[in-house]
Amino acid sequence: MKKLLVLIISAILTIGLFVSCGERSKVIEGVETKFEDYSNDLISSYSDKDYKITADICKNIFENTKIEYGNIDIKDNTAIIEVEVTNKNFYRIIQRGGNIAINNVTHQTYDGLALLEETQWKVYNEEEPETRTATLELIKYKDKWYIENIEDFTYLFSGYY
């Protein structure tokens, strides 16, 4: 009888563990799907405007992004997850590159866009990766997880708040 009770309790705990791990994976998948969509949209937005070097900078940053997941708290159809991202700060690269290019424009500058992109590429190469952390809030809708606090997500992955 004791062995049967231990076996039943073990089975219940094992099932609970598998269900918990499965839902944890789905929350992480929700974050990763949003990151993939966000990076593709950003790269595409610059590619469509003939900012090829800026699009390449985006692509390089996002391809070299390291993501670590911390605690995940799941309650019904909501989840909170701690995320740590290490990459170059895209927003700072674009801002600094633009400021430097503007300060170097003269009436003799033939191609301002080329100067801007050349400057941004230089700033990109000088920029060191940094680590940003945020707590993301997700909601579950039709068995998929979606990020609610987009501002924190954008800051986390591109440095823009």
Review point. At a 1.4 Å probe, what is the % contribution of carbon and sulfur to the accessible area of region 29-139?
Key: 45
Practice item. Rank by packing, highest mean first: peptides 61-70, 90-99, with packing defined as the count of other Cβ atoms within 10 Å averaged across residues. Key: 90-99, 61-70
Study note, to complete from the structure: Once amide hydrogens are built 1.01 Å from N within the peptide plane, the residues lying 5 or more places from Lys88 or on another chain with amide H under 5 Å from its amide H are Glu130
Practice item. Return the lysines within reach of Lys144: Cα separation strictly under 18 angstrom, same-chain partners fewer than 8 residues apart disregarded; answer none if there are no such residues. Key: Lys26, Lys34, Lys75
**Study point:** Reduced Cα scattering model of region 41-80, Debye log10 I(q)/I(0), q = 0.15, 0.21 Å⁻¹
**Key:** -0.55, -0.65
Study note, to complete from the structure: Expected unfolding gain across Asn71-Thr131 under the 0.36 nm per residue rule, minus the alpha-carbon gap, is 19.9 nm
Point to revise | Loop-located trypsin sites (Lys or Arg not before Pro) in region 107-160, at most 15 other Cβ atoms within 10 Å (DSSP) | key: Lys142
**Study point:** Under the Debye formula (equal points on every Cα, no solvent term), log10 I(q)/I(0) of region 19-161 at q = 0.13, 0.16, 0.20, 0.21 Å⁻¹
**Key:** -0.62, -0.84, -1.13, -1.21
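The values are calculated or read from the model by the stated rules, or taken from the named source; none is laboratory data. Note that the structure is predicted; figures quoted are calculated from it, not measured. Counting neighbours? That spans all protein chains shown, and the Cβs are built from the backbone with ideal geometry, glycine included. Side chains are part of the model used for accessible areas, which takes the heavy atoms of the whole protein and leaves out ligands, DNA and RNA. Shrake-Rupley method; radii C 1.70, N 1.55, O 1.52, S 1.80 Å.
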